[in-house]
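To start, the structure itself, in structure tokens.
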Amino acid sequence: MQVSVENTSALERRMTIAVPAERVETEVNKRLQQTARRAKVPGFRPGKVPMSVIRQRYEDAARQEAFGDLVQASFYEAVVEQKLNPAGAPAVEPKSFEKGKDLEYVATFEVFPEFTVAGFDSIAVERLSAEVADADLDNMLEVLRKQNVRFEAVERAAQNEDQLNIDFVGKVDGEVFAGGSAKGTQLVLGSGRMIPGFEEGLVGAKAGEERVLNLSFPEDYQNLDLAGKAAEFTVTVNSVSEPKLPELTEEFFAQFGIKEASLEGFRTEVRKNMERELRQAIKTKVKNQVMDGLLAANPIEVPKALLENEVNRLRVQAVQQFGGNIKPEQLPAELFEEQAKRRVVLGLIVAEVVKQNDLKPDEDRVREMIQEMASAYQEPEQVVAWYYKNDQQLNEVRSVVLEEQVVDTVLQKATVTDKSVSYEEAIKPVQAPAAD
């Protein structure tokens, strides 16, 4: 087999492969012999059809089948021989496939970039440390109470945080617009669910009262047909209910599956969850800084095939998350290209760090991570056992641990600054930079 390789770009390769005619004919004959054993031809018993008849009827199909199999096999042999690492399936262009002649074709494909990860010492990381103070715990208990708020009907005028049951009809230019009317909808004043001015316009209203609100849709409203337009809403208030926070009782604690149904036991469990969230938030922020540093220090070209695959994965995830009747391929690729490129590049860099440092998942850390996740459940031992019986889930945890070991490897040479902050600051998500 003859192979020649041409570098058409940094990552693209154009490989010409010639398979000897003898090998081609051997493969064709093998398929014809297989066909002869099972072919049903009128006038002949199965297995007794003359090869000349088999050839006349089936040779073209056998040759096409042989072509596909030979291309697949010879391409694999060629990339191994040339020590190439394809990043996707090749585009195959047949050059010659005549009977009695060598099979010749051109395969065009991309390869994975070859690079050495460097620049660990140029990476700066701010590592936060924090504790769950009693005040943080008290605030969390209030949050949990508000999440379980109940509303009781009152006869007074509506205030912020009250829940109103309303009917409303919205008009633009005197015409009712699609989606602008509803009956019996529940609305908490101050929730920001409606357009600016709607909820504010109902403060002070009483059950049975009708109010007309003259408002304008925001310029950046998601429905472009309504964006920036003036609208009139006729609102009827059916009822006004005030919020009632639940007391910290055994009944309230039971909703969260707390075995020790006491205030002390509940505070202990909530604190554990907050501490777990805190550890994860700090770890995530360190990891993000390390990954950003690796990206900045190691600019590499991305194979188009990998980028397209990742874009398609993100499209599918978006459809699964938001639903609707849209198909993944209908979503514009440019919506996902930046995120896809980051994920692909980081995947390549992390894999190279693992290779360069001969890293393998630390099984002790794997078990610790599983136990940490399991501690959030009522029967943690069962959760741990489930992970160790499920290879797919276990390997996902191993991948996460391996990524953490990559972060640790980088931190050994990076410039790390420790900073003590409050619990709230530590768990606050990092804001993405504003677009220009």
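None of the figures in this text is laboratory data; all of them are computed from the coordinates on show. From a predicted model like this one, the values you see are computed outputs, not experimental measurements. Cβ placement follows ideal geometry from the backbone for every residue including glycine, while neighbour counts extend to all protein chains displayed.
Beyond 25 Å, the tail of the calculated P(r) for the stretch 287-406 holds 44 percent of the Cα pairs. For E126, the amide hydrogen comes within under 5 Å of the amide hydrogens of T417, counting only partners 5 or more places away or on other chains and with H modelled in the peptide plane. Spin-label model, A118 to T284: label points 7 Å out along the Cα-to-beta-carbon direction sit 3.4 nm apart. Of all lysines in the structure, the ones whose alpha carbon falls short of 30 Å from that of K171, not counting any fewer than 8 places away in one chain, are K183, K206, K229.
In µm²/s, what is D for the stretch 207-292 at 10 °C and 1.306 mPa s, where D = kT/(6 pi eta Rh) by Stokes-Einstein and Rh is the Kirkwood radius from Cα pairs? Let's see the in-between values first.
Details: Rh = 18.7 Å.
Taking Rh from Cα pairs, D becomes 85 µm²/s.
Charges were assigned to the Cβ only: +1 to each Lys and Arg, -1 to each Asp and Glu. The resulting dipole of the stretch 150-244 about its Cα centre is roughly 240 debye. Centre-to-centre, using Cα atoms only, the stretch 326-384 and the stretch 252-310 are separated by 12 Å. A DSSP coil position with no more than 16 other Cβ atoms inside 10 Å describes the following chymotrypsin sites (Phe, Trp or Tyr not before Pro) in the stretch 197-301: Y221, F256.
Here is the list for the stretch 168-213: trypsin sites (Lys or Arg not before Pro) lying in DSSP coil, each with at most 16 other C-beta atoms within 10 angstrom of its C-beta, are R193, K206.
Hey, what D do you get for the stretch 2-110 in µm²/s if you plug the Kirkwood alpha-carbon radius into Stokes-Einstein at 25 °C and 0.890 mPa s? Approximately 159 µm²/s, per Stokes-Einstein.
Distance from the Cα centroid of the stretch 175-197 to that of the stretch 222-237 is 9 Å (rounded to whole angstrom). Cross-linked pairs K48/K95; K146/K272; K283/K355: Cα-Cα separations exceed 29 Å for K48/K95.
A Cβ-based charge dipole, computed about the Cα centre of the stretch 366-426 with Lys and Arg at +1 and Asp and Glu at -1, lands at about 220 debye.
I need the semi-axes of the equivalent ellipsoid of the chain: take the C-alpha gyration tensor, multiply each eigenvalue by 5, square-root it, list largest first in whole angstrom.
On the way: eigenvalues 730, 239, 127 Å².
Over the Cα atoms of the chain, the semi-axes work out to 60, 35, 25 Å.
Our analysis of the stretch 150-244 gives Rg over Rh at 0.98, with the two radii drawn from alpha carbon positions and Rh computed by the Kirkwood formula.
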